[in-house]
Structure formats: structure tokens, C-alpha cells
Amino acid sequence: MSQPDTAERAEARAREATVPLGDRIAAFGPIIGLVLLCAAGATLNSDFATLDNALNVLTRTAFIGIIAVGMCFVIILGGIDLSVGSMAALIAGCVILFINWAASAFGSPLMAVIGGAALAVVLGGVFGLLHGILIAKGRIEPFIVTLGTLGIYRAYLTYFADGGALTLDNALADLYAPVYYGSFLGVPIPVWVFLLVALLGALILNRTIFGRHVQAIGSNETVARYAAVDVERVKILTYMLLGLCVGVATLLYVPRLGSASPTTGLLWELEAIAAVIVGGAALKGGHGSITGTVIGAILLSVISNILNLTSLISVYLNAAVQGFVIITVAFLQKGRR
Amino acid sequence: MSATAGLAVGFDGIVKRFGPVEVLHGVSFDLEPGKVYGLLGENGAGKSTLMKILAGYEQPSEGLVLIDGEPAAFAGSREAEAKGIVLIHQEFNLADDLTIAGNIFLGHERRKGWLLDEDAMRSGAQTALDQVGLARAPDTPVRRLIVAEKQLVEIAKALSRKARLLIMDEPTATLTPSEAGKLFALIERMRAEGITVIYISHKLDEVERITDEVIVMRDGRFVGRAPTASLTRHAMATMMVGREIADLFPEKIAADSALPPALAVENFSVPGWASDISFTVRPGEILGFAGLVGAGRTELFEGILGLRPGSGTIRRDGKLIQLRSPRDATRHGLAYLSEDRKGKGLHIDFPLRPNLTLMALERYAKPLLDHEAEQRALEAAIGEFGIRAGSLGMRAASLSGGNQQKLALAKVLHPEPRVLILDEPTRGVDVGAKREIYFLIQKLAAQGLALIVISSELIELIGLAHRVAVMREGRLVATVEGDEMTEATMIAHATGTRHVAA
């Protein structure tokens, strides 16, 4: 009587151990990597483990990190967006043009800057909506849609800037500057925004119907459709969410340099995708986490920070080191699925 | 013995596990060369898995396969094919974009130096096609073939591989009676040539007609064998099920015929699949849908539920409704359990909880999802549906077939539908789980749900349904009830061999 019982329980325990273990490793892998990297950085250069440097790294991570949170939704959905870098550049250009124009038109520089910031978010939402409609209603591969808009957005920025750069008027740039350079309770504003976006993202992904539907579609779109999920609507909203994230990231970015040029936001899409993947998401969709994405984004900028602070490897090889990290992470995750 | 003669096969204690689930529990039996064996067993008995091991697609977890007395460990199907063992799959393994000849020689291309020898392959394919009696040019892309023709191409492919042991898994599921007749003649010829044939089928009349000996498996075990001539069909069925078939099914409770239909469908058509179908089902009634594979049953209901384009009138409790999407269907109290559990029914990579609640998430959103309430619902469903799960946190993929099906049932019942459509509700589940599912269906009917059961297992429909609608080539050809609900009558309607008699 007791024998089959214990056998059954042992089997149950074995199942329990086999299934979630992989997930647990996936969740902790990026954290372990980040900790090891920070330990290495601290031993290599005494400047690394300072509060100033940490805040510097986080501030630089904020743009990519905010975009990566949106990208995380898109990748979990089973999609991709290659256009985010170009989109950020075009939004930045439009915002600069708007603020310069509005300052004289409205007569209130402050209103112009606030309007410009709002415009960034609105434009992001509109571009994302456009992607979503083309992908969900037009049934075009997300890769193709966003490959197309990648070219379109950057070309229009180059056209507006006439091949050069669009620059905020000095007085306006000074007015806008605190959004990037200012801090609250000793922590830079971009870091606060990044934190807020990440928390909201995690809440939406894990605790709302929309988030559950995103995961369901990414895991198996047909099953989701058969389970009465409104697949088209969820897809459109997901791309819109990413667009909004790009808008927010851009509104923080504009005051940093006060200008937009054809090289603004170059390769951001790859960094954002890399952050999501390093954070443990599966590119085929259905699985990923906001925490992982945030850690992935920080991990990638810590790498470049360490290269900047040490002479171990040339700074020119930054992208190469990130590339090796991404491939290694993907390789380590391979056994999980 | 010549090189083309059939192979002798021995299974010695074959055990197969998929992750934590053991599907074969030590199967041992021997096959002599040159005979035709019928391998019988219910869905989930392990026949297909055992045959995949024999043909090198899977490796046994324990035990030995002996070919002509020698232990054989195939690393892949190519090694098995080199020995002359060929498996014709239940699901087709054809590349749709290649031609018939390209498929027949896929992986064994004839070459002239570095280039393909198209002429040799074309004529080789033609020979194989002549043997199976398929009148199609070898250059035809497989995409353009109908399902039955694809089945014949699979068989031609096997023949061209010089098979010495041929395994056929439900080969007639998609064939018309005349095509099946051709196949049987072909099997006769192979037997005469001394080729060993293993024939898996649910159709006992076919097994009776063409096999020399019957081997029965149940729930991953070998349960018995006997010369075909010594068995009646009833005895075969009882061996497969492991108990008198009558015990499998609950007592039928007559539906209240005074009640108006819960669902009434009139003149419904799904382009390419079903035309002009009308039927009704009352609360408490179980309406069966029988027909051959490809008769359009699944497509009809996918059309009704808004999963594919269709037209016609649908009334729910007498009210005219429009179903443009599965959401509309759910809102109007209709739910559909797909025949394709892994492809359409469950998120197998997900844990159990999100699977269960996916169709009724609104209930848990306040506005944030209440994970604890979801968890309580899961615990309740596990008790109510008898889902045997190792842990509550496990993925759906780790459940056995029967338990996955119970979870899928719990999922479609979660939004509390009034009309439930079950498509092959017992596909790939073991006998014990089948019985539980039958009793559950009966219980739902007793609670006043209107049920539609689509099934290819006629025994199931006879045992469960009050009435059975039979479809053939997209048309509803008959609705049988009472004494008319026999296998013979339904097969006759489904195949069109009964020409509007009584």
C-alpha cells in the first residue's frame, strides 16, 4: 500500500524538479552574469564600483532599457520591430522642429517644450499603431513591415535635416536640459522614468488580461485564436505599446544632445532586441520577462562601461564583446527548450 | 532466403518514456517474416510509438529490437530503411512544394555525377505509382493532390525503398472504399512476395479481411495475440478495450423532447468543405457527428464558430445570432474543444493555470489578475475533472494525453457554455481516461448542456449519443437514432454505399 504511494510521490517530485528548474536557471542566469561582470569590473578598475559610475551606467541604459521593455512585449508576442532606432531618430527630429517652431508661434518656450515632449509620445504611439495595423490586419510579416519603416523613418529624418543635423535653439535646449541632466533624490530623471516604465511593464505583462493574451499569442497563436482571444487587437496594441516606449525614450534623449542627425539612434533596435534575449526571452515568442530584460539592458551597458574604464580590450570592440555575449547566452538557453 | 524476403522482428521488453511520462511499459512479442499482422489497440495504446521505435524514428528507453534475431539499434529512420523497414505515417511526411517524383526519392535522390538524374527518378516514380494505382504524372507537385492521393504517394514512396517490412498506420483513414480495395490487393501481392506487413487500423472489418494474425496492445502493454480467423470482431474489440464495451459508457438519459433546441443551425455552408447543413440539438441531448476523415465535420463547426468563413443561420435558444469570431461564440455560450489538442487546444509550453483560465480571464481581472483566485480555480478543476498532475506548477506538455484532454475540457467549460462541441474528445487517451471522459460528457448533458460530439470512433458515438448525424463529402446525408445507430448503417452512409434505401 505504501510502496506505490511513495513511488508516485517520488515521481511527482521528479516532475516538479524537472520542469521549473530550467525556468529558474533562465531567471537567475542574467543576474548571475551581471554580478560576475560587476565583480570583474570592480577588480579591474577602482572607479567602477562608485555610485557616480553606477548612476552614469543606469542613465545611459535608460533609453535602450525603456525601448527594450516595449520590445519585450513584442518579442513575447512572437513578433519583432527593427525600426525602433530609426523611429527614435525621426521622432527626435520632429520634436526638435516642433519646439523650435512652437517657441515663436506660442510665444511660450515652456509650453513649446512640454508640447514637444507630448508630441514624442504621440508620434511613437501613431507609428506603433501603423506597424500593428499593417502586421495584424494587413497580415504582413513584422520583420518586413519594420524593415520597411526602418528605411522610411531614417530617410525622412535625413530629408528634414537636409543631410545634416537638426538642433534645438540654445535657450530652448537649456530649458529642456533638466529632463535628462536633472535628478530627483540624487537619482537622475531618466533612471526614474526607466524604473517606472519597467514596473508598469511588469505589471501589465504579468497581471493584466492583455499581458496574458500577449503571452498566449506568442506561445501559440492558433490556440489563442481558438480560445477566443482577439488576436488582431492584442497585436496592434502591443506594437503601439512599443511605439509609446520609443516615444518616452526619445523625449528623454532629445535634451541630452539637443540635436538629431542621421546617426541618431543607430543600431538601437539591435541593442534593445539583444537586451530582451539576454534577459531570457525566446525569440520565437511566448516566453520572457521584464526583470530579465532590464537586467539584460544593464548588463550590455556595463560591458561597454568596463571597456571604457579599462584598457583590457579596445573600446572599438565593444559591439563585438556584446555580440559574443548574446551568442553565448543563446547557446546556454538552447538546452532549456 | 533471398535478400528481398521479409524480415522477422522481435521486441524484447521495450520501454519508452517521454520525459516523466512512460508510454510503453515493457512490450515483448515476435513477428514472423512474410505474414500480415494487424496491430490493434485504442488511441494511446502505444502502437504508433512502438512502430516509430521499430522504424528508427524513436529510440527505446529500455529493451531491444531484434531484426532477424540480431539486436538492432537504429540511430534514425535512414538506418532502419537501409534494413528495409519502412513506416508509412499516419500524418503525411511529404514536402508539399516538391513533385511526386521528388518526394518519392527524397533523401535517396538518383544522381548522375554531381547532378540529379531526373529521368531515372521520373521513371522510378512512375513504376511505383503504377503499383499503387495512382494515375498522376510524377511531375505533379504534391500540393495539388487531394488527401487520398497523398496517402497513395506515401505508399508508393515506401515501395520504391524496397521495403522488406512495411508498417502502415491507419492507411485507409482517408481512402474511399475502392481506393482501399486497391490497397488491399497490393498488400496481398506483398505477402505473396514474402514481405512482412504490420497493419494498424481501427477498422476491424479491414483487419479481419487482410491480416493473418492480430496483436493487441492496451495502455502501453502487449495484451494478447491470436490468428485472425479465430476471432470475431466483438472479441477483437473486447480485447482492445479490456472490458466489455458496454461498461465503458454511462446509461443514456433521454433528453426532454419538449424543450426547444439550444442550438439550431439552418442551411449552413463552409466554402470548400460543407454545404447546406441543418441540424438542431436540445439541452441535455448528445448529438453525434460521424463521417470519414475529410467529410467536413471539423470545418463545418469551425465555420459555425467563426473560425473560418461560412454562411447560414444560427439560432441560440431560438434567437438569431451572428458569430463572426470565436469571441462572439463564447459570448453566446458556445464552446469548442478542438481535435488538435497540441496545435489548437492547449498552450503546452504554459503551466496549467493560465491554460485553464484563458477563456474566462474577465472573471479574474479586478482589474489586475487575481493569481490566487486562478490558483483556487485550478485546484477545483483538478478535483472536479480528475486531472492527475505531478505538481500544480508543471507545464501542460508534461501531462499524459488523457490528463491533457481533461485540462482542455476544463478550459473550454470554464466560461460556462450552454452548447459544447467536442471534436474527437478521446483521441490519444487511454481507456481509463476515455471512460472518465464519457461519464463527464454524460454528466454535462444531465446538467442541461447541449452537446455535439464529433468522432471517428463509431463505437463511441453508438455508446454515447442520442442521435448521430452522418456527413459525406461536405453534406449531411443522414441522421440516425435508436436501432438505426449501428456501425454498418453509419459506415454505409459515410461511404455512400447505401443509396437512399428505406
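Yes/no per residue for (1) in a helix (DSSP H, G or I); (2) touching a Cys at 6+ places or on another chain (Cβ under 7 Å); (3) at pLDDT below 95:
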| site | (1), (2), (3) |
| --- | --- |
| A:Gly41 | yes, no, yes |
| A:Ser46 | no, no, yes |
| A:Ala49 | no, no, yes |
| A:Asn53 | yes, no, yes |
| A:Thr59 | yes, no, yes |
| A:Phe63 | yes, no, yes |
| A:Ile67 | yes, yes, no |
| A:Cys72 | yes, no, no |
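Can you find even one residue in the range B:272-290 that is without any contact (Cβ under 8 Å) to a residue 60 or more places away in the chain and assigned to a strand (DSSP E or B)? Yes, the range B:272-290 contains at least one residue that is without any contact (Cβ under 8 Å) to a residue 60 or more places away in the chain and assigned to a strand (DSSP E or B). Scanning the range A:215-245 for residues that are farther than 23 Å from A:Val122 by Cβ, part of a helix (DSSP H, G or I) and not basic (Lys, Arg) turns up A:Gln215, A:Ala216, A:Ile217, A:Gly218, A:Ser219, A:Glu221, A:Thr222, A:Val223, A:Ala224, A:Tyr226, A:Val231.
Among the residues of the range B:286-298, are any more than 21 Å from B:Ala173 (Cβ to Cβ), in contact with a strand residue (DSSP E or B) (Cβ under 9 Å, 6 or more places away or on another chain) and either crowded, with 24+ Cβ neighbours inside 10 Å or more than 14 Å from chain A (Cβ to nearest Cβ) (or both)? Within the range B:286-298, one or more residues are more than 21 Å from B:Ala173 (Cβ to Cβ), in contact with a strand residue (DSSP E or B) (Cβ under 9 Å, 6 or more places away or on another chain) and either crowded, with 24+ Cβ neighbours inside 10 Å or more than 14 Å from chain A (Cβ to nearest Cβ) (or both).
The sole residue among A:Gly243, A:Gly265 that is crowded, with 24+ Cβ neighbours inside 10 Å and at positive phi is A:Gly265. The condition of being at the interface with another protein chain (Cβ under 8 Å from one of its Cβ atoms) and buried (at least 18 other Cβ atoms within 10 Å of the Cβ) holds for B:Leu361. A:Glu269 meets all of the listed conditions (1) closer than 14 Å to A:Leu77 by Cα; (2) away from chain B (no Cβ under 12 Å) but one, namely (1).
Just so you know, in the range B:69-116 the residues that are touching a residue at least 40 places away in the same chain (Cβ under 8 Å) and part of a strand (DSSP E or B) include one that is farthest from B:Leu129 (Cα to Cα), and it is B:Ile85. Looking at this structure, is B:Leu66 in contact (Cβ under 8 Å) with a residue 40 or more places away in the chain and closer than 19 Å to B:Val214 by Cβ? No, not satisfied.
Let's see how each residue does on (1) within 13 Å of another protein chain (Cβ to nearest Cβ); (2) not in a helix (DSSP H, G or I):
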position: B:Thr357; (1), (2): yes, no
position: B:Pro367; (1), (2): yes, yes
position: B:Ala373; (1), (2): yes, no
position: B:Gly393; (1), (2): yes, yes
position: B:Val429; (1), (2): no, yes
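I'd like to check something: does the range A:294-307 contain any residue that is assigned to a helix (DSSP H, G or I), polar (S, T, N, Q) and at pLDDT below 85? Looking for residues that are assigned to a helix (DSSP H, G or I), polar (S, T, N, Q) and at pLDDT below 85, one finds none in the range A:294-307, hence no. If we keep just the residues of the range B:114-141 that are among the small types (Gly, Ala, Ser) and at pLDDT 85 or above, which is surrounded by the fewest Cβ atoms within 10 Å (Cβ to Cβ)? It comes out as B:Ala135. The single condition from (1) among the acidic types (Asp, Glu); (2) crowded, with 21+ Cβ neighbours inside 10 Å; (3) within 11 Å of chain A (Cβ to nearest Cβ) that B:Asp349 fails is (2). Taking every residue in the range B:20-31 that is within 15 Å of B:Gly10 (Cβ to Cβ) and at pLDDT 90 or above and pairing it with any residue that is part of a strand (DSSP E or B) and small (Gly, Ala, Ser), at least 6 positions away or on another chain, the pairs with Cβ-Cβ distances below 6 Å are B:Gly26/B:Gly13; B:Ser28/B:Gly13; B:Asp30/B:Gly10. The condition of being within 14 Å of chain B (Cβ to nearest Cβ), buried (at least 22 other Cβ atoms within 10 Å of the Cβ) and at positive phi holds for only one of A:Ala228, A:Ala224, that being A:Ala228.
Candidates are the residues of the range B:4-39 that are basic (Lys, Arg) and farther than 27 Å from B:Lys162 by Cα; the one that is farthest from the other protein chains (Cβ to nearest Cβ) is B:Lys16.
Among the residues making up the range B:68-88, those that are surrounded by fewer than 20 Cβ atoms within 10 Å (Cβ to Cβ) and over 14 Å from B:Lys162 (Cα atoms) are B:Asp68, B:Gly69, B:Glu70, B:Pro71, B:Ala72, B:Ala73, B:Ala75, B:Gly76, B:Ser77. Residues that are more than 17 Å from A:Ala40 (Cβ to Cβ) and not hydrophobic (A, V, I, L, M, F, W, C) were ranked within the range A:286-313; the one that is surrounded by the fewest Cβ atoms within 10 Å (Cβ to Cβ) is A:Thr291. The condition of being of a type in the set (D, E, K, R) and either part of a loop (DSSP other than H, G, I, E, B) or in the same structural domain as B:Leu263 (by TED's automatic domain parsing) (or both) holds for only one of B:Glu362, B:Glu299, that being B:Glu299.
The values are calculated or read from the model by the stated rules, or taken from the named source; none is laboratory data. Bear in mind the structure is a predicted one, so any value in this text is a computation, not a measurement. Methodologically, a virtual Cβ is constructed for each residue, glycine included, from the backbone with ideal geometry; neighbour enumeration extends over all protein chains shown.
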